[in-house]
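Here the structure is laid out as structure tokens; the discussion comes afterwards.
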Amino acid sequence: MRYIPHTDADVAAMLKVVGAPSVESLFSHIPESLRLGKPLEIDPLDEAALISHLGELGAKNVRPTMPSFLGAGLSSHHVPVAVDMLLQRAEWYTAYTPYQPEVSQGTLQAVFEYQTLVAELFGPKAVPGLPAPFVSNASVYDGASAMAEAVLMARRLTGRSLVVACGAIHPHYVGTLHCYLDGIDDMGKSALKTVGFGPDGRIDQTALSKLLGECGDAVAAILVQSPNYLGVLQDVASLCASAQKVGALVVVATTEPLAFGVVKSPGSLGADIVVGEGIGLASAPSLGGPGVGLFAARTEHVRQMPGRLVGETVDQQGRRGYVLTLATREQHIRREKATSNICTNQGLIALAFAIHLCLLGKNGFRRLAEINLAKAEYLKARLSSVRGFRLPVAGQTFNEFAVTMRGSAEKAVALLRERGIFAGVPLLSPGFALPECPDADRTLLVAVNERHSREDLDRLALALDEVCP
Amino acid sequence: MNSAKHGPCPTRHLLHAEEPIFEMGATGRMGASLPTLDVPEVPLKSVLGELHRDDPPALPEVSEVDVTRHFTRLSRWNFAIDIGMYPLGSCTMKYNPKVNELVARMPGFAALHPAQAESTLQGALELMYRLEQCLREISGFARVTLQPAAGAHGELCGLMMIRAYHQSRGLSPRKVLIPDSAHGTNPASVTLNQMECLPVKTSSDGLLSVESVRAAVAQHPSNIAALMVTNPSTLGLFEEHIAEISSVIHEAGGLVYMDGANLNALLGKVRPGETGIDAMHINLHKTFTTPHGGGGPGSGPVGVVEKLVPFLPSPTVEHENSVFRLDYNRPQSIGRLRSFFGNFGMLVRAYTYIREMGGAGLTRATEMAVLNAVYLRALLQHEYPPVSEKPSMHEYVTSDKKLKKETSVQTLDLAKRLMDYGFHPPTVYFPLVVPGALMIEPTETESKETLDEFASALLQIADEARREPELVKHAPSHTALRRLDETKAARHPRLRWLPSL
Amino acid sequence: MSNFPSDLRYTKDHEWARIDGKRAVMGITDFAVHQLGDITLVDLPKEGESFRREQVLGTIESVKAVSDIYSPLSGKVTKTNDPLRDSPEILNEDCYDEGWMVELEMSNPDEAKDLMTSEEYAQYVKAQG
């Protein structure tokens, strides 16, 4: 029992001190009727057999023979080797939540830096000499629950109940929002209004104006994803203008924070709360979890923000240090009146996200975004020039886009899978479907990033053309 | 080396003071390796128009060397399980096996994309299926969802399922009984479900009594949604009347939710699903060794009895005709609480641990966890009396009551002074029903020697409290920083680094 | 710690009231401040809001705790001590003058009779232990 150090002699000595006759006697106060009374039927494995068993399970999964084109909320970027190597330092991954700051300054400072990076990415630029315009928390579970929490926060801030979800938002995010809203009050599903997208893939502004005209003063938040589920960049500025007219807050969600290397940050365009998923830049995809829920908002809203916050302070000798702060918002103090019930968040993945952003730095982050955009534009041009293929929405995209093909997307993808190519996500995939998209059965979501060489992109275009009827 | 035998441990390491990374670097420096572009550059301004960001985000400009040194140096300011014991009650900070880290990183798991076709994910789905079977065997529930990202997320899920269950029968009861000893996530989860907390006073032992539950139920007939219970309680004591209490709730039309944070006391001994509990979350980052990571990620699977199965989050993992598949066809499901399927990387780690230990190993873990806690209690009880005479399980709760009577030292000071002895403090000031509480949970991965040193340290500190209280009240003095000004942090929040003029 | 000015009246929830005709100024007592420790945030109602006696009209926070503030008397808020929002530490320094919180126009001045005097409050606090 390599993790359990007790020898027979240890046990005997300890039982003696305790004054108990046996280990079993330590459980004798549990009513007999509640005792299990038989062994748990799980066979143990020694380390070598364990690795072998897990290796076999792993080998039953299929990986593509070239970088995959799967996106739909997770673009698996190349994450520098240094990130995971640093994460494997015991002081990072076997550390506890930093409630005792004197022995947790590593984690606390790292989170403070992470908060700074996310605020910088999502918000308006910090101006020297002025207070911070945007703040981020220490992370929440993932992008979808972050979006749900943002909506609940907007409702608390405005005292209003309605939420307007605009354009093509990731079905998992909408699903999560439904789940949370159904919980929070009797309005349930009726609290969520949707506005579709226009031919450019962006929000249908006419429909939105009409809706706001009808019930604008009951709207707590207008919600949009950018780039959206079809990869299209949204006009956040116009949305903020519309929202301001009715006193609603704007929540922007993103599944590709890299976009803001070349695209204006939602906070700088007027968004009140910006949330997103950081897994693509932080770690290997790992079947979509654990990821990291990015969460930032205008500074004036901080007291309604869920999740942990790290703040700067000094110690008794005047030296700079960091502590968890504004904890009175949280469950362990406010209990039933807390801003959220969140306790454990996604600390280690947030750290990974921060380390990657530091490695990229100002210029690297922008350059990586440029590379992603360029490669996606190249493939988009190639695919849209294939006979019978077209782009179903015309709006400008970043590194993911939808393409409508000559035949069934599901069939094409299955055929390419046999060649070791993961061509993209068909828009009617169970669990990932966006049926509102015209010709959804022939439409594929294709994600491109820096890992794809020009040859890879050419190969995909040729292959998709080949397998379509 | 821990030298509680000799006194507080002196700091002998090289600890570099490390400024925020934004204060380092040089213009133009970069630490990542980017490919050269093999397709045409995109004229950004014309393609993005008004959306074009002229000024990239102000990230630091540092080399890989700078970044590596920064995060390596920073890490050395942290305490960690691989450095020493965290006797944190209710957190089960047991050792994080290294083989788990290897397995989670196997490309066969790590490289999987959640939108891959199910036919390419058979190994992953099989792992999830097998983990569910193991957790069912351990907990005694009919099914287990692996979707929630943490314990609190599991609580949310559990209460949502309970609400859906009532709704399916055309009912909407509101009241959720919450013992006053409950963890804060419990009442917070209630609020997120448009339900109302009905506090139930626990005995001086922090235990629920059948009478108090009956009385609470009687005041709100036909309005009892659920009871949320922790077993063992947050005082580390077994809720002996749990079966009867569950019956009372069931008779009143309610369901029972168990916070499974203390499951480490029950493995192989009691299966909560067989004690009247209808739903329970399991903290994989507690009982099943997935690493805490400085604040997550965690994972909070929820086990449910048969009647709650229709409401499980969607999709579930099914096994039919030798094929594993995701079942989205669940009309009564509460839906989903997050994107994708769960914290898969943590599921892999937990499964690896469970398979290494096996049923007998897990049972032994519980036995030694309880032995360790009662051993510490025996060593410490004259100076740190337990708050209850009842037998402790995997954790023992004491307080500063005795010490405060005889000295000017309180729990906070004890906690800080323990750092000078090389230990992380226990959980303090929780549960709220015990003023000045100290909750000590060593876990089974600590040896007798470590426990002896820890007890010796606490006893020496009690002695210091009498003879030289200033040593305790001004602790810690051996850490890199002294006590931090939390008031200043709250009054004038500085939540990000700011560039100066 | 046992500073309870005699010209004030007190509630069992540790608020004080200074009555002046139809107006009453309220705050929290030295005992409450001491219990809370360093005050980090004060959340006050808006002018024009009305409260019944013993209804929650605001909250006060320290690093580790949040407490409700109850209105000692029924009435409408006519003034609030705004500097407290930016400088909650004022309460730690002087909770009876600079640290006043809310001025009310009483809707039922008879209620003032039910409040405790300084001596009664001192005894009440002592009995709390």
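The values are calculated or read from the model by the stated rules, or taken from the named source; none is laboratory data. Worth saying up front: this structure is predicted, and the values here are computed from it rather than measured. Note that we place each Cβ from the backbone using ideal geometry, even for glycine, and neighbour counts take in every protein chain shown. These accessible areas exclude ligands, DNA and RNA; they are computed on the full protein's heavy atoms, side chains included. Shrake-Rupley method; radii C 1.70, N 1.55, O 1.52, S 1.80 Å.
Semi-axes of the equivalent ellipsoid of chain A: what are they in whole Å, largest first, if each equals the square root of 5 times a C-alpha gyration tensor eigenvalue?
Sorted largest first and rounded, they come to 41, 31, 23 Å.
Let me confirm one metric for peptide B:268-278, namely the mean number of other chain beta-carbon atoms within 10 Å of its residues' beta-carbons.
Neighbouring Cβ atoms belonging to other protein chains average 3 per residue here.
Using the crude model of +1 on Lys and Arg Cβ and -1 on Asp and Glu Cβ, and no other charge, please compute the dipole size for the stretch C:9-108 relative to its Cα centre, in debye to 20.
With Lys and Arg at +1 and Asp and Glu at -1, about 560 debye.
Roughly what angle does helix A:47-59 make with the longest principal axis of chain A, taking Cα atoms, 0 to 90 degrees, to the nearest 10?
20 degrees
Loop only by DSSP, 12 or fewer other Cβ within 10 Å of the Cβ. Give me the GluC sites (Glu not before Pro) in the stretch B:334-401 that pass, ordered by residue number.
Answer in residue order: B:Glu389.
Residue by residue through A:43-50, how many Cβ atoms from other chains fall within 10 Å of the Cβ on average?
Mean shielding count: 5.
Over the protein assembly as shown, with every protein chain in place, what whole percent of the accessible area is carbon and sulfur at 1.4 Å, could you tell me?
Here carbon and sulfur together make up 51 percent of the probe-accessible area.
Quick check on the stretch C:9-108: take the gyration tensor over C-alpha atoms, sort the square-rooted eigenvalues as a ≥ b ≥ c, and tell me if it's rounded (a/c under 1.5), prolate or oblate.
Note, shape of the stretch C:9-108 comes out prolate.
Counting protein heavy atoms only and a 1.4 angstrom probe, how many square angstrom of accessible surface do chains B and A bury in total, to the nearest 100?
17300 Å²
Against the longest principal axis of chain A, how steep is helix A:8-18, in degrees 0 to 90 to the nearest 10, with axes from Cα atoms?
70 degrees
Determine the relative contact order of chain B: mean sequence separation of Cα pairs under 8 Å and six or more apart, normalised by residue count, in whole percent.
20 percent
Apply the membrane-span-like helix rule to chain B: whole DSSP H runs, Cα extent along the own long axis of at least 20 Å, mean Kyte-Doolittle hydropathy at least 0.0. List the helices found.
B:151-168, B:344-380
Could you state the per residue volume, in Å³, of the convex hull enclosing the Cα atoms of the protein assembly as shown?
Each residue corresponds to 169 Å³ of Cα convex hull volume.
Measuring with a 1.4 Å probe in the full set of protein chains, what accessible area per residue, in whole Å², belongs to the stretch B:19-75?
Roughly 49 Å² per residue, with all protein chains present.
How many Cβ atoms of partner chains, on average, are near each residue of A:265-278 if near means within 10 Å of its Cβ?
1
Can you list residues whose amide H is under 5 Å from B:Val270's amide H, if they're 5+ apart or on another chain and H is modeled 1.01 Å from N?
Residues meeting the amide H criterion: A:Leu36.
When only Cα pairs under 8 Å and 6 or more residues apart are kept, what is the percent relative contact order across chain A?
Normalised by residue count, the contact order of chain A is 20 percent.
Peptides A:419-429, A:4-14, A:36-46: what's the order by average Cβ count within 10 Å, highest mean first?
So the order, starting with the most tightly packed, is A:419-429, A:4-14, A:36-46.
What per residue convex hull volume, in Å³, comes out for chain B when only alpha-carbon positions are used?
Here the figure is 208 Å³ per residue.
Hey, can you grab everything whose amide H is under 5 Å from the amide H of C:Lys79? Only 5+ residues off in sequence or another chain; H modelled, so Pro and N-termini drop out.
Excluding prolines and chain starts, which carry no amide H, the hits are C:Glu103.
Among bridges DSSP assigns within chain A, what percent are antiparallel (round to 5)?
Of those bridges, close to 55 percent are antiparallel.
Which trypsin sites (Lys or Arg not before Pro) does the stretch B:139-180 hold that lie in a coil by DSSP with at most 10 other beta carbons within 10 Å?
The qualifying sites are B:Arg169.
Taking the Cβ of A:Ile51 as the centre, find all other residues whose Cβ is under 11 Å away and add up their charges (Lys, Arg: +1; Asp, Glu: -1).
Value of the local net charge: -3.
Within the stretch B:10-50, which trypsin sites (Lys or Arg not before Pro) sit in a loop by DSSP and count at most 10 neighbouring Cβ atoms inside 10 Å?
Listed in order of number, the matching sites are B:Arg12.
Put +1 on the Cβ of each Lys and Arg and -1 on the Cβ of each Asp and Glu in the protein assembly as shown; which of A:Leu40, B:Val305, A:Ala376 then has its Cα farthest toward the positive end of the dipole?
Result: A:Ala376.
Return the subset of B:Lys175/B:Lys390; A:Lys125/A:Lys362; A:Lys16/B:Lys402; C:Lys46/C:Lys79; B:Lys416/B:Lys473; B:Lys94/B:Lys286 for which the Cα-Cα distance in this structure is over 18 Å, preserving the input order.
B:Lys175/B:Lys390; A:Lys16/B:Lys402
Considering only DSSP beta bridges with both partners in chain B, what is the antiparallel share in %, to the nearest 5?
Restricted to chain B, the bridges split so that about 55 percent are antiparallel.
Could you give the radius of gyration (one decimal) and Dmax (whole number) of the Cα atoms in the stretch A:274-371, in Å?
Spelled out, the Cα radius of gyration and Dmax of the stretch A:274-371 are 16.2, 48 Å.
Considering only DSSP beta bridges with both partners in the protein assembly as shown, what is the antiparallel share in %, to the nearest 5?
Of those bridges, close to 70 percent are antiparallel.
Which of rounded, prolate, oblate describes the stretch A:184-233, given a ≥ b ≥ c as roots of the alpha-carbon gyration tensor eigenvalues and a/c under 1.5 marking rounded, otherwise prolate only if a/b is larger than b/c?
oblate
Between 0 and 90 degrees, rounded to the nearest ten: what's the tilt of helix A:105-122 against the longest Cα principal axis of chain A?
With rounding to tens, the tilt is 10 degrees.
Classify the stretch A:23-148 as rounded, prolate or oblate, taking a ≥ b ≥ c as the square roots of the eigenvalues of its Cα gyration tensor: rounded when a/c is under 1.5, otherwise prolate if a/b is larger than b/c and oblate if not.
Cα axes put the stretch A:23-148 in the oblate bin.
Summing +1 for each Lys or Arg and -1 for each Asp or Glu, what net charge is found among the other residues whose Cβ lies under 13 Å from the Cβ of A:Ala381?
Charge balance near A:Ala381 sits at +3.
Per residue, how much space in cubic angstrom lies within the convex hull of the C-alpha atoms of the stretch B:409-470?
Enclosed volume per residue, from the Cα hull, is 81 Å³.
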